[in-house]
Amino acid sequence: MVDYHAANNQSSAGGAQTYMEQENDWDRDLLLDPAWEKQQRKTFTAWCNSHLRKAGTQIENIEEDFRDGLKLMLLLEVISGERLPKPERGKMRVHKINNVNKALDFIASKGVKLVSIGAEETSAKEGLLLWCQRKTAPYKNVNVQNFHISWKDGLAFNALIHRHRPDLIDYDSLRKDDPVTNLNNAFEVAEKHLDIPKMLDAEDIVNTARPDEKAIMTYVSSFYHAFSGAQKAETAANRICKVLAVNQENEQMMEDYEKLASDLLEWIRRTIPWLENRTQEKTVNDMQAKQEDFRDYRCVHKPPKVQEKCQLEISFNTLQTKLRLSNRPAFMPSEGRMVSDINGAWHTLEGAEKGYEEWILSEIRRLERLEHLAEKFHQKAAIHESWTDGKETMLTQKDYETSTLSEVKALLRKHEAFESDLAAHQDRVEQIAAIAQELNELDYYDSASVNTRCQKICDQWDVLGALTQSRKESLERTEKQLESIDELYLEYAKRAAPFNNWMEGAMEDLQDMFIVHNIEEIQGLITAHEQFKSTLSEANKEREAIQSIQAEVQKIAQSNGIKLSGANPYTTITPESIDNKWEKAMAMVPLRDNALQEELNRQNSNDTLRAKFATQANTVGAYIQDKMEEIGRISIEMNGTLEDQLTSLKEYQKNIMSYMPEINKLESFHQLIQEALIFDNQYTSYTMEHLRVGWEQLLTTIARTINEVENQILTRDAKGISQEQLYEYRASFNHFDKKRSGQMVSDDFRALLISTGNSLGDGEFSRIMGIVDPNGSGAVTFQAFIDFMSTETTDTDTADQVIASFKILAADKNYITAEELRRELPPDQAEYCIARMAPYTGHDAVPGALDYMSFSTALYGESDL
């Protein structure tokens, strides 16, 4: 704004100087015009009274009332704000002359000339005219070209008022052809609302062909000074609003960060106990349901949280950049909510995930084995219980008491055969007990019923053993009385019993369930089965030999006319039963062949799945590795404008995201592998967990790189850094970034600073390192470097500037009131200040006074408020 010197009520005697110097330059013809003289006297009288009323007095006649010099000295004191020498109160002419001289001396002491108009005064006139032209330019019918006829219609006065106080003037209602009304309206509004005394008469201006230029200039200068204060207040308010807007935006970003960090940590806090829960299930199906829940967590619930974590880091970096650019202190999140805390919690979460998945797989293996063992236990127990059925009754009968000697001998031999059979079954009982013991050790959920059944079998076995021994003893006591034994029957019984037991064992093995996890294990079972089949020929010879014994019995009986009593007295194993069991066993062999072949096919299919997963995993792993290295190079070697770089990076990000179907394809292979209970893969070193983490790191890295460029754009725009400067900064940084890692150690950074023209001592370098590496990591990033360079080379708003702005709004007071804040600032920002300003406690405090100084320093982190 132009600084107008004429009639300036803040200069020592500016008003008197303007009036007296302009009077000497006045057109000599006008000096002879009584109307002009009257107008001059009236204007200057009004001007003087506008100042004298501040001292509680006024003048009526400028020639008489200034004659004794008293009011003239008072006028100068009001205008200058200084005390003049004490006036003389005498009535004599000499006293009056002395007082006038004191006033004139004071004016002269301020360098004011009372004659002529110099270049400075001409410039002041031109400046005031330019100010009027700028302020009234938007108004119709107003064209200010001078300080006389341009003001005759009164519209220019009204336009000046309306431009600064539109609430006081209804400009559109004014008419150019009604100048008196227009002038009176402006004079009355100025006097009533702007405290500008009425120095002119509307009629005098309208009825004069050329209104007095000096009078109008004097009056217009009053508007200039009245509105210049408002302009300063508006400028101060605008500065404060801008600072507060930045602060409010930063606070909102802080609140958003805190909430997002809190929500993410809370989700992690709730999720980890679920992942650490090791409550065992009873069946494989129950554990597979847990596995499906975990897969749903990985594919549905976790991905949004990965995005939130990435966004949290981006928001934190953007906020820190904005704080640095606005000369604010760095943002320190609440305890436990730093980015490093989030990363730590995330690392714990991923560790819990890995442990949970491994536990689920191990539990599925354990339960699968338990179910297999339990089924095997009950199968063997059923076979054994079927064999023992009726054995106690047989062992407790007293048939030998009424038998003949041969019959007793037969009973004894039969008992010996039973003992052989009993001994053969000892292994089965021990197997049953061993399986029950293993089920107990593996915490089988139905161990109680298994133990009960096992105990019953063992107790029965003990009873059978005791009964067997008792019957044997009874038969041996009777044996002395018996002779005659049919060796042939005995031989048959002795050979038939183990063969029959072998067939039962073979049938049991052929029906035995199996579980394998790879081709090697099923091939082992197939080899064992082939070995078993290779023994069938010898077994068949034994069967034929046993059958030949029975045939020999028949032959001897027929040849000797012996009438056989029926079944072999030494065994219940008949040739028919042997043949039946043999046929059944032979029928089971191809069934076992088919079952083993089906399992081999399944394992081959599983191996195909392994190969498919490995092929895709190796492809995806290589892709992720290549892209990570490529991003590292791009972040260092980016060319073009920042906007071009940002566009390229976003296109690059879009290209990477287009690879997502390949990740999903890999996930589908992984799901098939898990469903097939495949726990190993010799074709690849990659695991799904490893690749998931790599993919998430890839997405986070490209997002972080985009955010760094966005922050560089923020820095450039806020600090006014040119594209050429950014190129220079990047080229210098890359030159000293020896490892092309995007950061450098302190020695390289010192060399970089020296290359940019900085003269560094140890103290100065330590100060700079504290700025660019506040955590003391020993590494400096490119973003930290350009932040430092932009801060060192550009100007920013400061706490002192904000304090100065508040001081203008407070009319130079050391405090401000809520009323003043609400009057000068927008409502939301006024209330923002009122809510945060501390009460002012200085010696000049008034009720409701607020401390704007401490508030301003707090905005820049220079106080504890």
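The values are calculated or read from the model by the stated rules, or taken from the named source; none is laboratory data. All values reported here derive from a predicted model rather than from experimental measurement. When we count neighbours, we look across all protein chains shown, and the Cβ atoms used for this are built from the backbone with ideal geometry, even at glycine. Accessible surface areas use protein heavy atoms only, side chains included; no ligands, DNA or RNA. Shrake-Rupley method; radii C 1.70, N 1.55, O 1.52, S 1.80 Å.
Computed from Cα atoms, the angle from the helix 179-193 axis to the main principal axis of the chain rounds to 70 degrees. Centre-to-centre, using Cα atoms only, region 153-191 and region 308-351 are separated by 58 Å. With semi-axes defined as the square roots of five times the eigenvalues of the C-alpha gyration tensor, the equivalent ellipsoid of region 489-538 measures 30, 12, 5 Å, largest first. Computed about the Cα centre, the dipole magnitude for the chain is approximately 2860 debye when only Lys and Arg (+1) and Asp and Glu (-1) carry charge, each at its Cβ. Basic side chains Lys and Arg get +1 at the Cβ, acidic Asp and Glu get -1 at the Cβ, and with that the dipole of region 283-353 about its Cα centre reaches some 480 debye. Ranking ALA137, SER577, GLN547 by Cα position along the charge dipole of the chain, where only Lys, Arg, Asp and Glu carry charges on their C-beta atoms, puts ALA137 farthest toward the positive end. Estimated from helical segments only, the mean residue ellipticity of the chain at 222 nm is -24000 deg cm²/dmol, where each DSSP H run of four or more residues counts as -39500 (n - 2.57). Report the Stokes-Einstein translational diffusion coefficient (µm² s⁻¹, integer) for the chain, Rh taken as the Kirkwood radius over Cα pairs, at 20 °C with viscosity 1.002 mPa s. Using the Kirkwood radius from Cα pairs, D works out to 54 µm²/s. In the chain, the longest principal axis of the Cα atoms and the axis of helix 405-424 are about 20 degrees apart.
Magnitude of the charge dipole for region 604-705, about its Cα centre and with charges confined to Cβ atoms of Lys, Arg (+1) and Asp, Glu (-1), is about 100 debye. With the charge dipole of region 604-705 set up from +1 on Lys and Arg Cβ and -1 on Asp and Glu Cβ about the Cα centre, the Cα lying farthest toward the positive end among the listed residues LEU677, TYR623, THR701 is that of LEU677. One chain, two ends: ASN207 and LYS110. Fully extended at 0.36 nm per residue, the span grows by 31.0 nm beyond their Cα-Cα distance.
Note on region 270-310: Rg/Rh from C-alpha atoms, Kirkwood Rh, equals 1.07. Only Cα pairs under 8 Å and 6+ residues apart enter the sum, and on that basis the relative contact order of the chain stands at 11 percent. Note on the chain: dipole from Cβ charges, positive end direction compared against SER559, SER222, TRP346; the farthest Cα belongs to SER222. The 1.4 Å probe gives accessible areas that order LEU475, LEU104, largest first, as LEU104, LEU475.
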